[in-house]
Each structure stands twice: as C-alpha cells, then as structure tokens.
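Worksheet: one structure, shown below.
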Amino acid sequence: MRNGRLLGFAVVAVLWAVPAQASIFSWLEELSGPGPFHGDILSATVLCNEGGIWKLCAVPNRDAVRQTIAFKIGRYESKEGPRFKDLPLSATDNAAQVIAVPLSVFWQFRLHRSLDVGPGVGFLRLAGRGFDAVYKLSLTPVSASFTPFALNPEWAKSEWAHIVRVELDTSYFPQGFKGTDFNNSQTTFDSGPEFLTRTGIVFDVTAIGGAIQSILRR
C-alpha cells in the first residue's frame, strides 16, 4: 500500500503543471471474484495536438485540439467481503478489503467538441491483507469522455460548460485473475482473460479555475 501511495504522489508531482481532472464519483466493475470497487481517480492531460502540432497542454485551445495524451491514476476499495463467492465469509481473509490502483495512459481523438474517444494501456495494482501486491497488464480498446454541456455550441465557449463530464472505459486484462493472486489456495476462482469497465463523474480543475478567472475579470 505504501508503494501505491508513493507512486501516486510521484505522478501528481510530475504532472502538477498540466491540466488536471479529479473524479469524485468513480466505480470500477467487480472482478469475477473481489469487488465491486468504489474510489477516486486523478487524470492529467499532458500533450495536445492543435492543428497537427503536438505541445504541452498547459493552456489548451479547446477549439483547436484534435488529439490528447492523458495519464490517469486511481485508488479503489472493495467492500469487506466476500472476496470469493465459493468460500464462506468466515474463511481466512475472505472478508478483507482489496485495494485496486489503476495507472494508464490514453490517446484520445476529439470526434466532437463534447466527445473524446481513444485507446489506452497501463496496469492495475491489487493489494490487501493476506497477499503480496500483484500487477496486471491492462489494454483499453476504447475509452470515452463526454462533456454534456458542450453540446450547445454557445455554451461550449465558456469554461463553465467543461467543468463536469462523464467518463467510461472498458479494459482488457489478458492475464486474468485467480485465487493464487490473492494467496488463496482454497478457492476455485480463475477468471481467465477478463474485461472490466470503469465509469466516473469528473470535475475539471482547469475549467473551474478558468471559470473563476472569468468572474474575477468582470
């Protein structure tokens, strides 16, 4: 768990100077075993392609952006058991929480001023009582970011329209998950390759700052 926190602080420190978004309400789908998971995710848009030119995305020109590169790191907690449905709740560590920390990079394309879609790659760190942390490769064939208030072309010119958005992504874990990952030899749990979906309501810190500045300039 300490390593996960250090990793999170390192990512935040590196990406401090670029646009940041914080997901206050976020959900990670249940594994075939532990879950479902609830938590938060922090994302930072690092690079923007404006008119065919890639540059650091410190103050993006929203009208000119066609592609973006973003990093995301989260922290999710499962409910306290059962981890495995084929074992009683009283089984050793079966009622304990599992902490999931996803870290991914996404390449998204702006299909509309309100919609970004694209693939991603990363890993998922799982940790908890009774087992050493495990890491699973994640491949995201599609992720989507929808800004509903930007559908209106007039509203889209204001930073207020970009404060809230909805995210959805589905990731593929080719290694899958099994009981031995959690140091449990009693369960028959073995998911094989698995898809997991994450959803979230995101608040854009950069847009909030821009909206406040527009008020102060009046």
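What follows is calculated from the coordinates using simple rules that are stated; it is not laboratory data. Not measured: the values here are computed from a predicted model. Cβ coordinates were reconstructed from backbone atoms using ideal geometry, including for glycine residues, and neighbour counts include every protein chain displayed.
If you keep only loop residues by DSSP, which GluC sites (Glu not before Pro) in the stretch 109-185 have at most 13 other Cβ atoms within 10 Å of their Cβ? Could you put the intermediate results ahead of the total?
Details: sites: Glu154, Glu159, Glu167; in loops: Glu154.
Loop-located and lightly packed - Glu154.
Where does the chain land at 222 nm, in deg cm²/dmol rounded to the nearest 500, when only DSSP H runs of n ≥ 4 count, each adding -39500 (n - 2.57), divided by all residues?
Values: 2 runs with 25 residues, N = 218.
Helix-only estimate at 222 nm: -3500 deg cm²/dmol.
Within a 10 angstrom radius of the beta carbon, how do Trp160, Trp54 rank from fewest other beta carbons to most? Write down the numbers at each step before the final one.
Values: Trp160 15, Trp54 12.
With the sparsest Cβ surroundings first, the list reads Trp54, Trp160.
Listing Lys85, Lys136, Lys72, Lys178 from the residue with the fewest other Cβ atoms within 10 Å to the one with the most, what is the order? Let's see the in-between values first.
Details: Lys85 10, Lys136 21, Lys72 24, Lys178 16.
Ordered from fewest to most neighbouring Cβ atoms within 10 Å, Lys85, Lys136, Lys72, Lys178 come out as Lys85, Lys178, Lys136, Lys72.
Which whole-number percent is the relative contact order of the chain (Cα, under 8 Å, 6+ apart)?
Working: 535 pairs, mean separation 40.3, N = 218.
Contact order relative to length: 18 percent.
Compute the helix-to-body angle for 2-14: its Cα long axis versus the longest principal axis of the chain, expressed 0 to 90° and rounded to tens.
Rounded to the nearest ten degrees, it is 10.
If one computes the Cα centroid of the stretch 29-100 and of the stretch 158-199, what distance in Å separates the two points?
So the two Cα centres are separated by 8 Å.
Whole-Å semi-axes of the stretch 2-216's equivalent ellipsoid, largest first, each the root of 5 times a Cα gyration tensor eigenvalue? It would help to have the intermediate numbers written out before the result.
Numbers: eigenvalues 260, 52, 47 Å².
Each semi-axis is √(5λ); the values are 36, 16, 15 Å.
Could you tally up the Lys pairs in the chain with alpha carbons closer than 19 Å? Skip any pair fewer than 8 positions apart unless they're on separate chains. Don't skip to the end; give the middle numbers.
Numbers: Lys55/Lys72; Lys72/Lys136; Lys79/Lys178; Lys85/Lys178; Lys136/Lys178.
Lysine pair count for the chain: 5.
For the stretch 174-218, just say rounded, prolate or oblate: build the C-alpha gyration tensor, square-root its eigenvalues into a ≥ b ≥ c, call rounded for a/c under 1.5, and beyond that prolate if a/b exceeds b/c, oblate if not.
Details: a/c = 6.95, a/b = 4.51, b/c = 1.54.
It is prolate, given that a/c is not under 1.5 and a/b is the larger ratio.
Based on Cβ point charges of +1 for Lys and Arg and -1 for Asp and Glu, what charge dipole magnitude is obtained for the stretch 85-218 about its Cα centre, in debye rounded to the nearest 20?
The calculated dipole for the stretch 85-218 is roughly 480 debye.
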